[in-house]
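To keep things clear, I will list the structure first and then write my remarks on it.
The values are calculated or read from the model by the stated rules, or taken from the named source; none is laboratory data. Everything numeric here is computed off the predicted structure, so don't read it as measured data. Note: ideal-geometry Cβ built from the backbone for every residue, glycine included; neighbour counts use all protein chains shown. Ligands, DNA and RNA are stripped out before the accessible areas are found, and what is left, the full protein with its side chains, is counted by its heavy atoms. Shrake-Rupley method; radii C 1.70, N 1.55, O 1.52, S 1.80 Å.
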Amino acid sequence: MLERAIAQAGGAEALGRARALLWDGEATVHAGGRTVHIAGSWGVQPPDTAVVSTYDVSRGPESTRALIVAVPRGWIARDTAVTRMPDAMFANERDEFYLYDVMRLVPLREPRVTLHAIPADSLGQAGFRAERPGRPVVELYFDPSGRLAHLRTHVQDPGGAGGPAVQQDLWLSGTLQAGSIRWPASIRITMAGAPYFDLTLRNLRVQPRLDDPRLRGP
């Protein structure tokens, strides 16, 4: 299943070179009893580096804030103000950005990763569980063509409420292409079965690394 999915996503060589993924897009966020529409740009070098700049569509680009992860640190920048990311938020974001590493598939070939067969998901899609020391366990499921279509994991509560990690499902659909890399055009995320984050990508670019001066920190 893994090798077939790698081929469907563009091949091991191309995926290995595409260490950083960048796109512009829009998303709907369901959190805290509110629904917020955002737009902006994402730059991700998984598993532990990202710069995401977004704004509330109802308030316009002047409301832009940047979320920056450069493990072991994370911070939030708005205008000239830079603040340290709260611990609970940082733990959640680190879990989230790790999933992009899983979606690149080739890291699952590494010796530290163990794969285990699991039952099909609710759509009858076959899958396996991927375990890597120090990272969340992730279940991957594949559509009939062999393409990655669904991920399931447990992530830290972004609200900082404590307690056990929360089940999260990512449903992937559509296709964007950059060179030979094929990436989902839509990522729908549910948290504990409820809508959480719906992302639509408008374009895709791939690079060997994410080169953003904001990663140097405040």
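Remarks
- Evaluation of Ala91 against (1) of a type in the set (A, V, I, L, M); (2) under 30 Å from Gly16 (Cβ atoms); (3) in a strand (DSSP E or B) (one fails), failing number: (3)
- Test: Arg112 is under 22 Å from Arg19 (Cβ atoms), at pLDDT 95 or above and of a type outside the set (A, V, I, L, M): yes
- Consider segment 50-77 and keep the residues that are free of Cβ contacts under 8 Å to residues at least 24 places away in the same chain and among the polar types (S, T, N, Q). The one that is nearest to Arg104 (Cα to Cα) is Ser53.
- Among the residues here, Asp95 qualifies as acidic (Asp, Glu), under 19 Å from Ile189 (Cα atoms) and touching a Pro at 6+ places or on another chain (Cβ under 7 Å).
- Meets criteria (of a type in the set (Gly, Ala, Ser) and more than 23 Å from Leu22 (Cα to Cα)) for Ala77: no
- Criterion violated by Pro47 - all others in (1) assigned to a strand (DSSP E or B); (2) touching a residue at least 40 places away in the same chain (Cβ under 8 Å) satisfied: (1)
- Residues of segment 20-43 satisfying the condition of being touching a residue at least 60 places away in the same chain (Cβ under 8 Å) and surrounded by fewer than 18 Cβ atoms within 10 Å (Cβ to Cβ): Asp24, Glu26, Thr28, His30, Ala31, Gly32
- Among the strands (runs of 3 or more DSSP E) confined to segment 179-218, the ones with at least 1 residues that are open to solvent by less than 50 Å² (accessible area, probe 1.4 Å) and on the phi < 0 side of the Ramachandran plot are located at 181-183, 186-191, 194-201.
- The requirement of being of a type outside the set (Val, Ile, Thr) and closer than 18 Å to Asn203 by Cβ is not satisfied by Asp48.
- Candidates Thr114, Thr80: the one that is in contact (Cβ under 8 Å) with a residue 12 or more places away in the chain, β-branched (Val, Ile, Thr) and more than 20 Å from Gly10 (Cβ to Cβ) is Thr114.
- Checking segment 191-206 against the condition returns no match, with no residue being in contact with a helix residue (DSSP H, G or I) (Cβ under 9 Å, 6 or more places away or on another chain), farther than 18 Å from Ala5 by Cβ and not aromatic (Phe, Trp, Tyr).
- Inspection of segment 93-110 finds a residue satisfying the criterion of being surrounded by fewer than 14 Cβ atoms within 10 Å (Cβ to Cβ) and closer than 30 Å to Leu148 by Cβ.
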